[in-house]
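K.L.:
I am attaching a structure below and will ask some questions about it afterwards.
The values are calculated or read from the model by the stated rules, or taken from the named source; none is laboratory data. Predicted, not measured: the structure shown is a model, and the values here were computed from it. FYI the Cβ positions are ideal-geometry reconstructions off the backbone, even for glycines, and counts take in every protein chain you see. Note: accessible area is taken over every heavy atom of the protein model, side chains too, but ligands, DNA and RNA are not part of it. Shrake-Rupley method; radii C 1.70, N 1.55, O 1.52, S 1.80 Å.
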Protein chains: 2
Amino acid sequence: MPIHDNTVKLISSAKWRKGVFLALAVTCVMAWSLSLWAMPNDEIPYPTGYRQWTHVKSTIIGPKSSLYQQIGGIQHIYANEKGMEGYRTGRFPEGSILIYDFLKTEENDNNPGVVSEGARRFTSVMVKDSKRYAATGGWGFEEFRGDSQTDRMIGADAPTKCYGCHTSQKERDFVFSSYRK
Amino acid sequence: MPIHDNTVKLISSAKWRKGVFLALAVTCVMAWSLSLWAMPNDEIPYPTGYRQWTHVKSTIIGPKSSLYQQIGGIQHIYANEKGMEGYRTGRFPEGSILIYDFLKTEENDNNPGVVSEGARRFTSVMVKDSKRYAATGGWGFEEFRGDSQTDRMIGADAPTKCYGCHTSQKERDFVFSSYRK
């Protein structure tokens, strides 16, 4: 009977391995689902590499402005390739990302009137995803404080802090800016 | 003899075609050489597409500056990929192109202190070609007036109008600016 014994052992071993494999697979799927559940569905990723995207235009908010203390300095707008398609066509495709980069400015004491870029105040991000951000015109909004990639200033307040104002631009797909050639 | 006649005709025809082809080829080569001779060897081409290159940094020259009438406004620096390599490594490879884009600024009458970009004053270009521009540190310099791609403001005056000042930056491969992250 040694042959039968071995056959039984082999079958048992194969079953055991299959069982372990299944258990591992189920554990992996559960862990993955849990990670998805743990990440807020509408969280906007930090726009890595945006400084290499196209520079759309810039504005300056000088000391004479009532907004100077809050956001004074120089602001640069950048867009990824899909965002640039949106500026060209007037309709921003899914995946468009627009950046509004707020920097402080520093006047040169030895050279009056010559102003340089200073520290970053925050980086505003708009991401087009019509399904995810259906409640705010198809755009997700976030702001990252200073140079941080994790310190979020908007979070769940996008409807009031961002979209409330952007609704005025509904005819322009909720975007204020234009590309400056 | 009709067969021979035809053969002679065919050979003659082939010789004639070869002759015409050679004459055309020689004419083409001569025309091409002439076009090269007619184009000044050190003429810098207009940097088509630079608005899609990486935005290096910006500066502002405000009304308090003595330079305001001449170059006041906002200035943006752009670099092509090789230029960006230069900013990273400190040595600019052949083919590096750096742009210094001079724009006027316009203050919003209804919104004091809020300043927008205005008309382009001129676009300055630096091109790295160590052989062509050996006399000016390996860099060619040019400026294009307003939005023109042909109205050149520097031409043969690069040694005095540009290089004279850039020599102070010899240790930095003759480049004043740095990439602002």
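K.L.:
Report the residue count in the range A:142-151 for those that are farther than 20 Å from A:Ile61 by Cα, more than 14 Å from chain B (Cβ to nearest Cβ) and either surrounded by fewer than 19 Cβ atoms within 10 Å (Cβ to Cβ) or touching a helix residue (DSSP H, G or I) at 6+ places or on another chain (Cβ under 7 Å) (or both).
P.N.:
2
K.L.:
Among the numbered criteria (1) crowded, with 19+ Cβ neighbours inside 10 Å; (2) more than 14 Å from A:Glu43 (Cα to Cα), which single criterion is violated by A:Trp139?
P.N.:
Condition not satisfied by A:Trp139: (2).
K.L.:
If you don't mind, another one. May I ask you to list the residues in the range A:88-110 that are at pLDDT 95 or above and open to solvent by 40 Å² or more (accessible area, probe 1.4 Å)?
P.N.:
A:Arg88, A:Thr89, A:Arg91, A:Glu94, A:Tyr100, A:Lys104, A:Glu106
K.L.:
Now for a different question. Does A:Gly155 satisfy being on the phi > 0 side of the Ramachandran plot and in contact with a strand residue (DSSP E or B) (Cβ under 7 Å, 6 or more places away or on another chain)?
P.N.:
No, not satisfied.
K.L.:
Would you pick out the residues in the range A:71-87 that are buried (at least 20 other Cβ atoms within 10 Å of the Cβ) and of a type in the set (S, T, N, Q)?
P.N.:
Hit for the range A:71-87 is A:Asn80, nothing else.
K.L.:
Only one residue in A:Ser168, A:Ser178, A:Ser116 is in contact (Cβ under 8 Å) with a residue 12 or more places away in the chain and among the small types (Gly, Ala, Ser), so which one is that?
P.N.:
A:Ser178
K.L.:
Residues being surrounded by fewer than 17 Cβ atoms within 10 Å (Cβ to Cβ), in contact with a strand residue (DSSP E or B) (Cβ under 8 Å, 6 or more places away or on another chain) and within 14 Å of another protein chain (Cβ to nearest Cβ): count how many of those fall in the range B:111-136.
P.N.:
Looking only at that region, the number is 3.
K.L.:
Give me the pairs: first residue in the range A:60-84 and at the interface with another protein chain (Cβ under 7 Å from one of its Cβ atoms) and touching a residue at least 12 places away in the same chain (Cβ under 8 Å), second residue in a helix (DSSP H, G or I) and open to solvent by 10 Å² or more (accessible area, probe 1.4 Å), beta-carbon distance under 8 Å, and six or more apart or on different chains, which are they?
P.N.:
Qualifying pairs under 8 Å: A:Ile61/A:Tyr68; A:Ile61/A:Ile71.
K.L.:
Can you confirm whether A:Ile44 is under 28 Å from B:Gly73 (Cα atoms) and open to solvent by less than 60 Å² (accessible area, probe 1.4 Å)?
P.N.:
No, not satisfied.
K.L.:
Name the residue, out of A:Ser130, A:Ser124, that is more than 21 Å from B:Lys181 (Cβ to Cβ) and not charged (D, E, K, R).
P.N.:
One residue alone meets the criteria, A:Ser130.
K.L.:
Something else: Any idea which of (1) at pLDDT below 95; (2) loosely packed, with under 13 Cβ neighbours inside 10 Å; (3) within 14 Å of chain B (Cβ to nearest Cβ) is the one A:Leu24 doesn't satisfy?
P.N.:
Every condition holds for A:Leu24 apart from (3).
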